[in-house]
Amino acid sequence: MTASAVALLLVAAFVVWGGLIASITFLTTHPEVTDLPDEGPVMAAEDIVRASQPHPTRDT
């Protein structure tokens, strides 16, 4: 392999593994929000109405 191929391989590996490490670090320091408010009866009623309607489709 040429020097440019090795350099490109190292850059690609750094981008992939570095992105994985950065995303894992971010997710461990900023976990998913779990203290959301409960949905009220109005939202539950809207969900029931929406579920009874047909799924919207594109007719093109």
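Numbers for the structure displayed
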item: Pairs with Cβ under 9 Å, 6+ apart, first in region 1-22 and without any contact (Cβ under 8 Å) to a residue 12 or more places away in the chain, second in a helix (DSSP H, G or I); result: Met1/Leu9
item: Filter pass, Val42 being part of a helix (DSSP H, G or I) and at pLDDT below 90; result: yes
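The values are calculated or read from the model by the stated rules, or taken from the named source; none is laboratory data. The structure presented is a predicted model; accordingly, all values stated were derived computationally and were not measured. Virtual Cβ from ideal backbone geometry, glycine too; neighbours counted across all protein chains shown.
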